[in-house]
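What follows is a single structure, written as structure tokens, with notes after it.
Derivation of every value follows stated rules applied to the coordinates shown; laboratory data play no part. Since this is a predicted model, take the numbers as computed values, not measurements. Virtual Cβ from ideal backbone geometry, glycine too; neighbours counted across all protein chains shown.
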Amino acid sequence: MNDEDIQKRVEEIKARGYSPAREGRDPVNEPMIRHWAEAIGDANPRWQPGPDCEAPPAMAQVWTMPGLNPDRPPGEPLWDTMVVLDEAGYTSVLGTNCDQTYARTLRPGELVRISSRLEDVVGPKHTAVGEGYFVTTRNTWTVGPEEAPEEVASMMFRVLKFKPGTGRPTVDRSKTVRPLVNRDSAYFWEGTAKGELRIQKCNKCGMLRHPPGPVCPSCHAMDRGYVTASGRGRVHSFLVHHAPIVPGKQLPLTLALVELDEGVRLVGEVDGDVAIGEEVEVWFDRIDDDLTLAQWRRPGDEPKAAAESEESSDIPVWELPIAPTLVVSTALGTRDFQDVHHDRDLAMGHGSKDIFLNILSTTGLVHRYVTDWAGPQTQVLSCALCLGAPAHPYDTLRFTGDVVSASDGVTTIDVTGRVSLGTHVNARLEVRLP
Ligand code: ZN
């Protein structure tokens, strides 16, 4: 099956429009809310069993999730599209975007129905995880009588359906090669940690030198200090490294000999294409608490990986250790039985290095981060999130959040969740504060 065949069948599914409303397997109920709240670790009293129990808005999708052995009703657009792409060899799936709007919270006893339509299928695209198609559906959840349904939530949902084993190998930045730090070079690495590019200086004759050493090559004095360089220079020479693999680095890798404005040359990694003589400026790539690398880019270019040392957060930072139990319990708490969230062997068979958090759990954690800070009575109106690097066990998910705007009682908050592989999630929430 080629792209033309895929698109032909996609057009047939699109032409059907909205699917008939399908009922959730169970009405909204306290046990499932309790399981979800325990797995997410959300202690909001509104989700506690009792006469005032409400369902968390982040559970909207949970109520209509298929079960472990789903009996797929014919005519479900997302499912039908998955079947087409499975047949074409795109057998792995990854949630990438989820844009939800909530009209109100649900109460135990309410029976939720879902209706969905296929918006588009875009591809084939080359992505980090492999070659695949982005499949976008529009979903609405309703309650009440079928003849007069009340819409309680809606969602734009996008998944990447990809061929396993066709992606770039995952780069684990924690494996970045460590420099040898000694008495002669410590000042340099202490500098990069502070966002300074330091160059060794002879305290006797004033000569600048790099790489650092104990003796001045000009006057042979051993009295040494340093200056902080402007961080600007030009590419004196460069090479592009394609092989072998360098731990912690995405290949190809451009390495340049940069001649600083101060007249000293040093070797560094450059973002993107460069030419000899081109102007470059330094930026600092924080790998972890022990290592910050001085990297180079063209002035005005955004670095590939943002330097997290400059991070700011209006909402107190939340660091969540990702245990396998968190991944598995939240997957089940959100009624997601995809094997990649609970079975490492099968996850690896899909080209992943381990199991990983599902998109519904990330949604729940983002909601929790905001409402833990803003107060349990906060009303979440919408949540648009975009997933990036997967969150695997034994990593830490680090949340930061900023208040973007507040008007007409609606506060807009941006949340970022980072893991060692990079940004796991970028989310924008609209909330009504208590
Ligand atoms: Zn000297």
Output the lone cysteines of the chain: those with no second cysteine's C-beta under 4.7 Å from their C-beta.
53, 98, 383, 386
Given Cβ charges of +1 for Lys and Arg and -1 for Asp and Glu, the option among 20, 275, 390 whose Cα lies farthest towards the positive end of the dipole of the chain is 275
Relative contact order (percent, whole number), the chain, Cα cutoff 8 Å, 6+ residue spacing:
14
Of 358, 434, 258, which is farthest along the charge dipole of the chain in the positive direction, counting Lys and Arg as +1 and Asp and Glu as -1 at C-beta?
258
Which value results when the Cα radius of gyration for the chain is divided by 2.2 N^0.38 Å?
1.18
Likely footprinting exposure, 392, 350, 242, fewest C-beta neighbours within 10 Å first:
242, 350, 392
Exposure-ranked with fewest Cβ neighbours within 10 Å first, 360, 332 stand as 332, 360
Can you give the charge dipole size of the stretch 173-309 about its Cα centre, rounded to the nearest 20 debye, using +1 on the beta carbon of Lys and Arg and -1 on the beta carbon of Asp and Glu?
440
Which entries in 161/353; 194/353; 175/204 show an alpha-carbon gap greater than 28 Å?
194/353; 175/204
For the chain, calculated [θ]222 nm from helices alone, where every DSSP H run of n ≥ 4 adds -39500 (n - 2.57)
-5000 deg cm²/dmol
Spin-label point model (7 Å from Cα, Cβ direction): what's the residue 194 to residue 181 distance in nm?
1.4
Filter the DSSP H helices in the chain by two things, a Kyte-Doolittle mean of at least -1.0 and an axial alpha-carbon span of 20 angstrom or more, and list the hits by number.
359-374
